[in-house]
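Here, each number is a calculation from the coordinates, and none is a lab measurement. These numbers were taken from a predicted model, which means no experiment stands behind them. FYI the Cβ positions are ideal-geometry reconstructions off the backbone, even for glycines, and counts take in every protein chain you see.
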Amino acid sequence: MPRDTSAIQAPPFVWGAATSAYQVEGAVAEDGRAASIWDSFCRVPGAIADGSNGDVACDHYHRLTADLDLMRELRLQAYRFSVAWSRVQPSGAGAVNSRGLDFYDRLVDGLLARGIAPYLTLYHWDLPQALQDRGGWTARDTALRFADYADIVGHRLGDRVASIATHNEPWVVSILGHQSGVHAPGVKDRRHAMQVSHHLLLSHGLALQALRSCGARSELGIVLNASPVVAATDRAEDTAAAQLEDGLLVRWYLDALLHGRYPSDVLAHLGTDAPVVRERDHEIIRAGLDFIGLNYYTRRVASAASSPPAQSLAVTGMGWEVDPEGLTELLLRLHRDYPMPPIIVTENGAAYRDALDNGRVHDVQRTDYIRRHIEATERAMGQGVDVRGFFVWSLMDNFEWTWGYRQRFGIVHVDFATQRRTLKDSARWYRDFIGAHQNKFRSP
Ligand code: FCB
């Protein structure tokens, strides 16, 4: 049967919502899926605030059709999801598990049938445990394995997905996973963390080569978490701390991706903790990007003092400051400082304490948060920044990593005891907003 490829061309600007595999799918032992590092990490006593895990999560794997219908009801133009590597290649290398790929095939076709563009992320933190047992991202070989995995996914889905991002937030994988150890795999070693960041970037470049040569028709890119970093005071030591934090969070990745080098001030600061880089690596990393995805939630305040700087803005349920102006500022700064490809705001949203009240959730603060960040994006676009989409995090409440189910980011409420989905007021607002603005940024 000929496939519907009409949605392969991403429209010039999309309004969407996002999730990731481990946070929503559940079905962790089904159809040949093997364990990932998050399955293992959730078993470490004390690692997850409520002692939970993603074994069931939103049970999205089994509720795919109903969830696709929900996306259509919300009039989403695009849906961003991730593929679980350990479903597709249970041991992270070699044999392909076609039943795992079949799930994503059904997901992609289900989206296209509903007129929703599929935006795929290859890696949203769930490394196959078998690869971790062989050194994980500290091992250079994992970057080569990732390129093989990209090739497998590209062959199977690259004819139908509008967009493929290699990694989601490599800074988080590197620093939270390998320096502070609060994320899987729970390593606490800065030298390892920096080597991991290099291998993630290398794997990105190798994956792009693989995707281009397997003929994927999707736009190819990477998703970064970025924030403006402001100094807590104008004292020289705080300004220097802000400069360094910006270097580690923003410039480390963008300098490598767009200029083919790491920032010299950060390398000097790292000293012997700087990663081992082979001769052609930077050339591979600096592969042409069709887009860069930015996940934006809050600004960062840097201080040389060991105690965290005082917050001066209103905060969300995560304790993150609400700073929409920071998004405008970030977009303008990147546009000014780098030869940026088109940008997609691949995540933005907020956790708040929600109350389900007679089938309604009156989440005024979440709606307000999303609306203000959309306006902030539009302000940057008005000043010349090329933005191609905005994705709310998240389509539905889900497993929020170390917080377990204690933080709800969804615009759709999930009752985890019954798996019942209820549109929050923010979802109703977003649905109506999309209805009114769907052609806003399309060329005449
Ligand atoms: C981002 C992650 C996403 C979710 C949001 C709240 O850093 O990409 O999975 O946890 O934060």
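Some values worked out for this structure:
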quantity	calculated
Cβ charges +1 (Lys, Arg) and -1 (Asp, Glu), total dipole of the chain, debye	600
Gain upon complete extension [SER98, ALA29; 0.36 nm per residue less C-alpha separation]	23.4 nm
ASP290 versus HIS62: modelled label distance in nm, points set 7 Å from Cα along the beta carbon direction	3.6
For ASN398, residues with placed amide H under 5 Å, excluding near neighbours	PHE409, GLY410
Mean ellipticity per residue at 222 nm, deg cm²/dmol - from DSSP H runs of n ≥ 4 across the chain, formula -39500 (n - 2.57)	-10500 deg cm²/dmol
Distant-in-sequence amide H partners of ILE222 (H built 1.01 Å from N, under 5 Å)	THR166, PHE291, GLY293
Between region 318-390 and region 396-444, the alpha-carbon center distance in angstrom	14
Long-range HN-HN contacts of ARG388 with modeled amide H, under 5 Å	ILE343, ILE344, VAL345
Modelled FRET efficiency - R0 22 Å, ASP415 with LEU313, Cβ distances, 0.05 increments	0.10
In order through region 172-187: 3J(HN,Hα) via Karplus (6.51 cos²θ - 1.76 cosθ + 1.60), integer Hz, x for Gly, Pro	5, 4, 5, 7, 6, x, 10, 10, 7, x, 7, 10, 4, x, x, 8
Where labels lie 7 Å past Cα in the beta-carbon direction, separation of THR239 and ASP141 in nm	4.9
Fully extended contour minus Cα-Cα distance, from ASP425 to GLU325, at 0.36 nm per residue	33.6 nm
GNM result for the chain, Cα springs below 10 Å: residue of LEU270, LEU101, LEU257 fluctuating most strongly	LEU270
In order through region 351-363: 3J(HN,Hα) via Karplus (6.51 cos²θ - 1.76 cosθ + 1.60), integer Hz, x for Gly, Pro	9, 9, 6, 9, 10, 7, 9, 6, x, 10, 10, 8, 8
Dipole axis of region 38-170 (+1 Lys, Arg; -1 Asp, Glu on Cβ), positive-most option in LEU122, THR138, ALA49	LEU122
Relative contact order for the chain, counting Cα pairs under 8 Å that sit 6 or more residues apart, in percent	18
